[in-house]
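The values are calculated or read from the model by the stated rules, or taken from the named source; none is laboratory data. Being a predicted model, the structure only gives us computed values, none of them experimental. As a convention, Cβ positions derive from the backbone with ideal geometry for all residues, glycine included, and neighbour counts pool all protein chains shown. Each accessible area value is taken on the protein alone, full model and side chains, heavy atoms only, with ligands, DNA and RNA left out. Shrake-Rupley method; radii C 1.70, N 1.55, O 1.52, S 1.80 Å.
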Amino acid sequence: MADDKYTVGAAAELAGVSIRTLHHYDQIGLVQPSKRSTAGYRLYSDTDVQALTRVVFYRELGLELGEIASLLADRDITDEHHLQRQRKLLTERISHFTAMVSVIDHELSARAAGIGLTPQQRRAVFGQDFVAHATSAVQKWGDSKEFVQRQQRTARYSQQDWEKLRAELAAINRAWAEAMLSGTPPTSPLAMDLAEQHREHTARWFHDCDHATHRELAVHYRNNERSGQNYDAMVPGLSQYVHDAIVANAERSG
């Protein structure tokens, strides 16, 4: 057998699938051998094996066979495009599972401390999108000292703790919104005092938060990331107002 011709058994071994699976892919026209031997046996080329590997990767990523067939049949999608697409899908899956691991670690830490939130309590505190929010947080902050500290602290919080801190934060946010709507400048003592309350709230409940760290958080609010979107959902433009108040307070602190 030539180097670029593989029997069914050899091709199946290279791709990490069973011979039965390979026969199935042939029958449905997904990956068919380019040639047959004089005795009529299927022979797979390097290109066939590469296509088979693509199928295996896409199947591992959860795509249906029909969807995979459409992707492979699209002549405008190059091998590089397939690799880029698969890398993107893998990265998204890694982020999702990393977030889920973080949630599990969070709950294990809470259980070790004798504290745990039931699914009903978790929904009451965080809403329905808890895992999605955790995924976003891990993607942005997973390697940071602040994120690790936040996870360690919040792992021990009861539902009452969560409700208390959220009520405290809501009060600060309402006061900011009222100040903005009343025409109070973000550089005013009132707005800066609220920024200081917010900084102390963050340091008390989540992670160490000096004025420099607080300014970094303000940038994310201004860029309309998740927290910024929450602010702007309250009052359009509030994320910018909060950012400016935090920056002014940091400058006031020297």
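The overall shape of the stretch 1-44, judged from the alpha-carbon gyration tensor, is oblate: a/c is not under 1.5, and a/b is no greater than b/c.
Given a 1.4 Å probe and every protein chain left where it sits, what share in percent of the accessible area of the stretch 1-70 is carbon and sulfur?
On the way: 2010 of 4150 Å².
Carbon-and-sulfur percentage of accessible area, whole number: 48.
Scaled against the 2.2 N^0.38 Å expected of a compact globular protein of N residues, the Cα radius of gyration of the stretch 178-238 reads 1.13. Segment residue 24..residue 159, full-extension length gain: 43.4 nm, with 0.36 nm per residue of separation and the alpha-carbon distance subtracted.
Quick one: net charge around residue 89, please, counting Lys, Arg +1 and Asp, Glu -1 for every other residue with C-beta under 13 Å from its C-beta. Taking every other residue near residue 89 into account, the sum is +3. The Stokes-Einstein estimate for the stretch 1-75, based on a Kirkwood radius over Cα pairs and taken at 20 °C with 1.002 mPa s viscosity, is a diffusion coefficient of 172 µm²/s. Of the trypsin sites (Lys or Arg not before Pro) in the stretch 1-87, which ones lie in a loop per DSSP and count no more than 14 other C-beta atoms within 10 Å? Passing sites in the stretch 1-87 are 75.
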